[in-house]
Amino acid sequence: MENRKYSDKKRYLWAAIIAAIIFFLIIKGSYFVSYLEFQRVASLQDPISYEIFGDKLEYSLFGKDICTEETYQKISGDLGYQGQLIGQLEKRFGVNDPKVIFRKKFYTLVQLEHFEFIKLINKECNKSINSILFFYSNKEADLDNSEQLGKILEPIYHRNKDNLVLYSLDINLDSDIMKSLKEKYHIGNEPLVMLNEEHKFTQINNVNEIEQYLR
Amino acid sequence: MSLMSTVIYISIYIGLFTISFYVLSMIAAKKKIVPEYKFEELPKTSILIAMFNEEKTIKKTIESALNLKYPKGKLELIIIDDGSKDKSLSIAKKFEGIRKGIRVRVLHQENTGKGGALNAGLKIATGEIIVSMDADTYVEKNSLSAMNRFFKKPEVMCVTPSMIPYKPKGAIQRLQHAEYLLGIFLRSAFASVNAEHIAPGAFSSYRKSFFDKYGGYEEGNITEDLEVTFRIQYNGYEIENCPEALVYTVAPTKFKEILIQRRRWYSGLIHNTIKYRQMFSRKYGDLGTFVLPIAWISIFFSVFFLFYMVIKGVLSIISEISFLMSINFYFGGYLQFNKYLLERIFFTYLADPVILFFLLFVGMMFFYARYATKRIGKTGNFSLSLFVFLILYPILFGFWWVMTLVYSLFNKKVVWR
């Protein structure tokens, strides 16, 4: 039998080029969607920080009533959703991406501002809203533990959402405020859950372990 | 990037490359001028129908063969009963003689297997062209004449039709409906680079001189049709495809039936690939260096992903159970819908390249199926079939291969019926 001729060797080259173009277009397309997501986080962060900042000022300068349900809803609305989006951005762009780090730092500030405001509401309005500070870590060695803690905190939050606020903070975030926070609460570099600034948990095996301390 | 992600992206790129190559080849093949017989020039043809316990379908099969539009006096029908235990033989005997101008002969022999039955038919066939037809296959009137026109080119030793299941119902047949439609596209793509390597034994035409020169069907081979196809390619001849020639097969309806069928097909593919392994070389052009290796690479990836999914699935079930225990089986959190649900779905899925690639491949499959229905002129409800296919096929394809490999490793015997 004679050797068979190839249909057209150039066709292989063209197929490789077309495949590469489609491949990179789709990768780019997914990055474009991620970029939209990034923009969305930015668009959510600005108004919420503005609301918290505005209400706190109005309270300290003019003695505005901060005990209404409306105030609480206004300053808390998109907080959890922002956290979810930032988590996705970390996966998409990587934890070391400067854009993500910047948004995370901003989100950390917004959360801590919210945390302080909730403490103020508790004090001034005689309320007992619980707060959980979840210090997670994206480091390889701590990833499983962080995910495990985060996963169990989610149902705890949903079961008690009327009376509980959950803040997620990257323990390895390179910012002064995070360093101060760690010093204040005597926290190391391992993932940790802190309830109402009192109870610390490095591992949670059942939701009851946390819920028994809720006010 | 993890090892798994790397494997996923490599397989995606190979998939894109393969699709691009076949689409380019099909565009190029459209410009190719192929010599064709006119209707009255069509060569004399013998249709061989091997049957074994086919009392439910044989009557309709014979009738469909007798209704074929073909030049007068140039068609004969040879029915070989391979030791049926039911009424198949008596039903076939009723057609013996001259029917609608076609000579019908019925042979009976002890059970030898399909290859042996077809060889018995070959011995008495007088046609220049041989058609092997399954006893549960129905054919459109114009299919045979459309196929046999390609035999004008002396190098063409086989012509394949378009196969689809007969009146598909239920999930298993719907799945096959979509699979056969995609097969129509693939067969055209393979033919465009002269690399068709699977001619359906249910209804394919062969030049009898090939059997005279290289021997008849291999007896004992569980996929004797595949063996002949490989042999044709191995000896350097051509196989043409005629997408317009529509043939219906009665597809399995039950999970166990299709598993047995696939185990036979895949075992046969392994056996015949080993037998003709020399074809994996540059000497065989596109077939040896691209089409056959890619076919095996896609099988490898399917089995690999199935294993991965099963292991991952089992691990996540264990982890999920332990998690549900830790939250006292509280499901409220999963039922929380907020105003951002659609937005979250959009960001979660469309920002993931693998999902975008998956959607692209789904789009391509839709295009393949559309191409097939356009060529055969029958649309049917292929969207539903495609939906069933997308859900079930990725898992079943890997599962069938795993079962086949297990059977092959433990030397379990696989038979044609």
For B:LEU287, the net charge from surrounding residues (Cβ-Cβ under 12 Å; K, R +1; D, E -1) works out to +1
Within straight cross-link reach of B:LYS152, meaning Cα distance under 13 Å, which aspartates and glutamates are found once same-chain residues fewer than 8 apart are removed? B:GLU36, B:GLU40, B:GLU41, B:GLU128, B:GLU238, B:GLU240
How far is the Cα center of region B:122-181 from the Cα center of region B:1-52, in Å? 16
With charges set only on the Cβ (+1 for Lys and Arg, -1 for Asp and Glu), what does the dipole of chain A come to about its Cα centre, in debye to the nearest 20? 1140
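Please state the relative contact order of region A:1-156 as a whole percent: Cα pairs under 8 Å, 6+ residues apart?
It comes to 21 percent, rounded to a whole number.
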Could you grab the relative contact order for region B:61-110? Cα pairs under 8 Å, six or more apart, rounded to a whole percent. 45
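For B:LYS213 and B:SER281, compute 0.36 nm times the residue count separating them, minus their Cα-Cα distance, and round to one decimal in nm.
Details: separation 68, 0.36 × 68 = 24.48 nm, distance 2.43 nm.
Computed gain between B:LYS213 and B:SER281 is 22.1 nm.
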Solvent-accessible surface ranking, highest first, for A:LEU36, A:LEU79 at 1.4 angstrom: A:LEU36, A:LEU79
Ignoring ligands, DNA and RNA, how do A:THR71, B:THR126 rank by accessible area with a 1.4 Å probe, largest first? B:THR126, A:THR71
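I'd like the interface area for chains B and A: accessible area of each alone minus the complex, both sides summed, 1.4 Å probe, protein heavy atoms only. What is it in Å² to the nearest 100?
4000
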Counting only backbone N atoms under 18 Å from a point 7 Å out along Cα-to-Cβ of B:ASN235, the residues of region B:143-161 in range are B:151-160
Note, ³J(HN,Hα) from phi for region A:44-56, Karplus 6.51, -1.76, 1.60, rounded to Hz, x at Gly and Pro: 7, 5, 4, x, 5, 5, 4, 4, 4, 4, x, 5, 5
To the nearest whole number, what is the average tally of beta carbon atoms from other chains within 10 Å of the beta carbons of peptide A:9-20? 5
For region B:92-177, which chymotrypsin sites (Phe, Trp or Tyr not before Pro) are both in a DSSP coil and crowded by at most 10 other Cβ atoms within 10 Å? none
Here the convex hull volume per residue of chain A, taken over Cα atoms and given in Å³, is 181
For B:396-406, B:11-21, B:189-199, ranked highest to lowest by mean beta-carbon neighbours within 10 Å, the order is B:189-199, B:11-21, B:396-406
In vacuo Debye scattering of region B:74-185, one point per C-alpha: log10 I(q)/I(0) at q = 0.14, 0.20, 0.22 Å⁻¹? -0.77, -1.25, -1.30
Extending each Cα 7 Å along its Cβ direction at A:SER175 and B:GLU257, get the distance between those two points in nm, one decimal. 6.5
Excluding residues fewer than 8 places away in the same chain, name every one of the lysines whose C-alpha is closer than 24 Å to that of A:LYS64. A:LYS56, A:LYS74, A:LYS119, A:LYS123, A:LYS127
State the percent of C-alpha pairs, over all pairs in chain B, separated by a distance greater than 40 angstrom. 22
Which value, in debye to the nearest 20, describes the size of the charge dipole of the protein assembly as shown about its Cα centre when Lys and Arg Cβ atoms bear +1, Asp and Glu Cβ atoms bear -1, and nothing else is charged? 3560
Which ³J(HN,Hα) values, rounded to whole Hz and listed in residue order, are derived for region B:232-240 from phi using the Karplus coefficients 6.51, -1.76 and 1.60 in 6.51 cos²θ - 1.76 cosθ + 1.60 with θ = phi - 60°, glycine and proline given as x? 4, 5, 4, 8, x, 8, 10, 10, 9
Among DSSP beta bridges lying fully in region A:59-215, give the percent that are antiparallel, nearest 5. 50
Residues of region B:360-393 with the amide nitrogen closer than 19 Å to a label point 7 Å from the Cα of B:LYS141, along Cα-to-Cβ, please. B:376-379
In the full protein assembly as shown, how much of B:ARG174 is accessible to a 1.4 Å probe, in Å² to the nearest 10? 40
State the Cα centre-to-centre distance between region B:251-292 and region A:50-69 in whole Å. 74
What does the helix-only formula give at 222 nm for chain B: each DSSP H stretch with n ≥ 4 adding -39500 (n - 2.57), the total divided by the residues, and the result rounded to the nearest 500 deg cm²/dmol? -17500 deg cm²/dmol
Signed unit charges on C-beta, dipole axis of the protein assembly as shown, positive-most listed residue B:MET163, A:LEU13, A:TYR35: B:MET163
Would you give the gap between the C-alpha center of region B:372-405 and the C-alpha center of region B:187-201, rounded to a whole Å? 19
For the protein assembly as shown, state the average projected area of the convex hull of the C-alpha atoms over all orientations, rounded to one decimal in nm². 34.1
In straight Cα distance, which lysines are under 22 Å from A:LYS91, not counting same-chain residues fewer than 8 positions off? A:LYS28, A:LYS99, A:LYS104, A:LYS105, A:LYS139, A:LYS151, B:LYS312
What percentage of the solvent-accessible surface of the protein assembly as shown, computed with a 1.4 Å probe over protein heavy atoms, is contributed by carbon and sulfur atoms? 61
Cys residues of the protein assembly as shown with no disulfide-compatible partner (no other Cys Cβ under 4.7 Å) are B:CYS158, B:CYS242
Expressed to one decimal in nm², the mean projection of the alpha carbon convex hull of region A:114-215 is 6.5
Evaluated over region B:157-272, the Cα radius of gyration and Dmax, each in Å: 14.5, 44
Relative contact order computed over chain B (Cα-Cα under 8 Å; 6+ residues apart), in percent: 18
In whole Å, what three semi-axes, largest first, describe the equivalent ellipsoid of region B:1-128 built from its Cα gyration tensor (square root of 5 times each eigenvalue)? 42, 25, 12
Would you please give the residues with an amide H less than 5 Å from that of B:ASP86, counting only those at least 5 places away or on a separate chain, with H modeled from the backbone geometry? B:ASN53
Which residues' amide hydrogens lie under 5 Å from the amide hydrogen of B:THR160, considering only partners 5 or more residues apart or on another chain, with H built in the peptide plane? B:GLU240, B:ASN241, B:CYS242
Per the Kirkwood definition applied to all pairs of different Cα atoms, how many angstroms is the hydrodynamic radius of region B:65-105? 11.1
With each pseudo-label sitting 7 Å past Cα toward Cβ, what's the B:GLU155-B:TYR13 distance in nm, one decimal? 3.4
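With +1 on the Cβ of every Lys and Arg and -1 on the Cβ of every Asp and Glu, and nothing else charged, how large is the dipole of region B:221-349 about its Cα centre, in debye rounded to the nearest 20?
Here region B:221-349 has a charge dipole of around 440 debye.
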Fraction of beta bridges assigned by DSSP in chain B that are antiparallel (%, nearest 5): 30
Which residues' amide hydrogens lie under 5 Å from the amide hydrogen of A:SER131, considering only partners 5 or more residues apart or on another chain, with H built in the peptide plane? A:VAL165, A:ASN196
Sequence of B:GLU238, A:GLU124, A:GLU183 when ordered by accessible area, the most exposed leading, probe 1.4 angstrom: A:GLU183, A:GLU124, B:GLU238
In Å, the Kirkwood estimate of hydrodynamic radius for region B:91-133 over Cα pairs equals 11.7
With θ taken as phi - 60° and the coefficients 6.51, -1.76 and 1.60, list the Karplus ³J(HN,Hα) couplings across region B:132-145 in order, rounded to whole Hz; mark glycine and proline as x. 8, 10, 6, 7, 10, 10, 10, 10, 6, 3, 8, 4, 5, 5
Taking the full set of protein chains and a 1.4 angstrom probe, give the accessible area of B:SER281 in square angstrom, rounded to the nearest 10. 40
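The values are calculated or read from the model by the stated rules, or taken from the named source; none is laboratory data. In this text the structure is predicted, and so the values were computed from the model without any measurement. Note that we place each Cβ from the backbone using ideal geometry, even for glycine, and neighbour counts take in every protein chain shown. Side chains are part of the model used for accessible areas, which takes the heavy atoms of the whole protein and leaves out ligands, DNA and RNA. Shrake-Rupley method; radii C 1.70, N 1.55, O 1.52, S 1.80 Å.
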